[in-house]
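Nothing in this text is a laboratory measurement; each read-out follows from the coordinates by a stated rule. Keep in mind it's a predicted model, so treat the numbers as computed, not measured. Glycine gets a Cβ as well: all are built from the backbone with ideal geometry, and neighbour counts include every protein chain shown.
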Amino acid sequence: MQYPTTRSLFLAAALTAAVGACSAGGNDQPDSQTAAADTAAPAPAADATDSAVAEAPAVAETPAQEPVDPEPEEPRHLGTFQVTYYWMAEARDKGPATVPIYRRKTCKPLAKVSKSFAHRLTLEGTGKLRDGRVVNTAGACKCDSSPCFFVVKKYKKWGVGVGKRPLVPYRSVAVDPGIVPVGTMLYIPQLDGLTMPGHAPYGGFVHDGCVRADDRGGNINGKQLDLFMGKRSHYRVFFHRNRLKTLTVLDGSHLCERHGRTVARANRNSI
């Protein structure tokens, strides 16, 4: 049996140490195939949604359209009416004031007037006394004479119609309520464009055709309008200029509107 020599043992130890060092050094270096694989690895695929968004063509914006106003409704034709005229009676005559007029509620005398003025006052329904007061008919009564009257408030300087509606020259008309209800707005083409007699604020303007049924009369029947002129002198000038005896009457509910105590066209382009 042979035993290893000291030299052989030394060589064996040195070989073992060399093999261990090679193994440790190999772990510190990257594997060449793995590095190549990592380098050649393809980039991740692009998201299909992102691609579609990127490639979608731009859509042109549609300009906003301006709103279109609806066509105005055609006014309803009410027919051809006979036209008459009325105004506020004025106590300017120099005859003796001997005829009493009475208050309806108390039958106390309201004033004494001339016989001719009493007749005109009863006919027109509204009048101005010599002292400046404006009186209006209050209808039939059981006093010593009939009809009776009441004093109109000062701000209603032209008198009142049905329901104490203030009368306005060239804007108020008296009607047969069975044909035209009181309060109805009316449009009269023949008045549109005519200059009214008198001075502002009640006259001297170009009419727009709008009137309102503010009054009624005992002698108004059927298709008849009684146009309130304010003063008799205004009636004379108006009739001399225009000679209107009949009028075409249209429903003015879509053409006319209320302006304070009077009426006017809502839209000049509506016809």
- request: For the stretch 189-269, calculate the relative contact order in percent as a whole number, restricting contacts to Cα pairs under 8 Å that are 6 or more residues apart.
  value: 29
- prompt: Can you tell me the Rg and Dmax of the stretch 89-157, counting just the alpha carbons, in angstroms?
  reply: 10.9, 30
task: Could you list, in their original order, any pairs among LYS164/LYS245; LYS115/LYS245; LYS105/LYS153; LYS128/LYS223 whose Cα atoms are separated by more than 19 Å?
output: LYS164/LYS245; LYS115/LYS245; LYS128/LYS223
statement: Length-normalised contact order of the stretch 89-157, Cα under 8 Å, at least 6 apart, in percent, tallies to 31
message: Give me the net charge for the shell around GLY222: Cβ to Cβ below 14 angstrom, other residues only, Lys and Arg +1, Asp and Glu -1.
response: 0
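Considering only DSSP states other than H, G, I, E and B, which trypsin sites (Lys or Arg not before Pro) in the stretch 103-164 qualify as loop sites with at most 11 other Cβ atoms within 10 Å?
Answer in residue order: LYS105, LYS142, LYS153, LYS154.
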- prompt: Can you work out the base-10 log of I(q)/I(0) for the stretch 206-271 at q = 0.17, 0.26, 0.30 1/Å, using the Debye formula on its C-alpha atoms alone?
  reply: -0.79, -1.35, -1.35
- prompt: In the neighborhood of CYS148, defined by Cβ-to-Cβ distances under 14 Å, what is the net charge if each Lys or Arg adds +1 and each Asp or Glu adds -1?
  reply: +4
query: How do GLU74, GLU90, GLU257, GLU66 rank when sorted from fewest to most other Cβ atoms within 10 Å of their own Cβ?
result: GLU66, GLU74, GLU257, GLU90
- request: Kindly provide the Kirkwood hydrodynamic radius of the stretch 123-271 in Å, to one decimal, from all pairs of distinct alpha carbon atoms.
  value: 16.1
